[in-house]
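Following: one structure in C-alpha cells, then a few remarks.
What follows draws every value from the coordinates through simple rules; no lab data is involved. No experiment lies behind these values; they were computed from the predicted model shown. Virtual Cβ from ideal backbone geometry, glycine too; neighbours counted across all protein chains shown.
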Amino acid sequence: MRVIHAPDHKKHRPPWEYINNEKFPHAEVPERIEEIVKELKANGLAELFVAPTKYPLKHILAVHHKNYVSFIKEKAGLNKTEKDAYYPSFYMMDTYTPIMKATYDAAVEAVNVVLTGADLLKKERVVYALSRPPGHHAENNVLGGYCYFNNAAVAAEYLSQKGKKVAILDIDFHHGNGTQRIFFDRSDVMYVSLHADPAVRFPYVSGFAHETGIEKGRGYNYNFPLPVSTTNMQYEKTLHKALAVIKEYKPDYFIVSCGFDTYEKDPIAAMKLTIPFYETIAQHIMSLQLPTLVVQEGGYYVPDLGKIAYSFTKGLLK
Ligand code: Q9C
Ligand code: ZN
C-alpha cells in the first residue's frame, strides 16, 4: 500500500460558503487532509507516504472542457492574495465553491496525486490518494460542492485506456453528480454510489435510483439513495448490494471515491456511521481483490478525520 500526499492544497482555503444568501465558515478546510496525514504517521505508516509526480494537462482535458479549465486558471490568477475569493457566475452549480488564488494549482496537484496513485497500481494492490480539493461533484464544465476537477473521473479515464474496465464506488455522503454525468453514456466505466437521498440532500438534482445510464452506458450506473440518518447496519446491507454489482461487472481496476462525511459527527451531514465501521467498509472493498485506488472526497469533522482514516486504512491493509 502507498499513500499519496502533496502540500499545495494548503494554500487553497475557501473562506465562506453562501447558503440562501447567508454566509457560513467553509467546511472544506486544509486541516482535513493534514489531520489524516498526522494520524496515519503517528500510527507508524510514515514509510507508506510518497509525493506525486507531475502529469501533462491532457489528462484533465480528457474529462473537462478546455474553456472550463482555462476559466478556473484565469479567475484564480485575478486574485491578489490567498484570502481573495472569486465566486464565479459561469460554470458553477452552487455558491459553495469559490476560486481562490491557489485553487487552480491545488486542483491540478490533486489530479497529480490520483494519477500517481493510478500508476502505482501496477505494483500495489491498494493506493490511498489524499486528494484535496475533492472532485466528485465536478462535471465536464461545472464546478460545485467544493469540487473543481474530478480527480476520480480523471483517474478512471486514465485507467480505462487500452480496453480496460474501471468500476467506481462512491461512498461519500453526497451523490457524485459529476462522476455520474461524465460516464453516464459509457460502459467501460461503471459508477456505483451510496449516498443520502438527493430529494432532501445536496446535490438535489441527481442520485436517484432510476438513473441507470444512457446509450452504451445503460445499465452501468447504479444509485443507492439512503435515508439521511442511515446506521452502520443499514449501510452495510446496501454496501453488499453495491459490491455485488461491481463484482459481476469484473472490472480491471477499482476506484473508491471515499468521503468520510457519513460519520456520525459530521457537521454538514447526518448519517450515523462510527469510527470502527470504516475498517469494516474497507475490508468489504478489499474482498473484491481488485487493484484499488482510494480517492479522498469529503469528510468534515476535522477532530476525528485522522481516526476515521486510520480505521479505514487498517481495513485496506488486512
Ligand atoms: N445545507 C463534498 O463532500 N453544502 N462536497 C451543502 C446544504 C454542499 C459537499 C449545504 C456540500 C458539498 C465533496
Ligand atoms: Zn460529501
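A few notes on this one:
- Measuring between their Cα centroids, the stretch 107-136 and the stretch 265-318 lie 16 Å from each other.
- Alpha-carbon centroid distance for the pair the stretch 141-155 / the stretch 167-223, whole angstrom: 14 Å
- For the stretch 116-240, share of DSSP beta bridges that run antiparallel, in % to the nearest 5: 15 percent
- Simple Cβ-charge dipole of the chain, Lys/Arg +1 and Asp/Glu -1, about Cα centre, in debye nearest 20: 720 debye
- Value of D in µm² per second that Stokes-Einstein yields for the stretch 178-318, Kirkwood Rh from Cα pairs, at 37 °C (0.692 mPa s): 212 µm²/s
- Members of 66/122; 10/123; 54/80; 41/307; 10/83 lying beyond 20 Å, as alpha-carbon distances in this model show: 66/122; 10/123; 54/80
- About its Cα centre, the dipole of the stretch 260-317 is roughly 140 debye, where the only charges are +1 on Lys and Arg Cβ and -1 on Asp and Glu Cβ.
- For the stretch 60-102, the square roots a ≥ b ≥ c of the C-alpha gyration tensor eigenvalues yield an a/c of 1.5 or more together with a/b not exceeding b/c, which makes the shape oblate.
- Rounded to 5, percent antiparallel among DSSP beta bridges of the chain: 20 percent
- Cα-Cα pairs of the chain separated by more than 24 Å (percent): 47 percent
- Normalised by residue count, the stretch 9-155 yields a Cα convex hull volume of 114 Å³ per residue.
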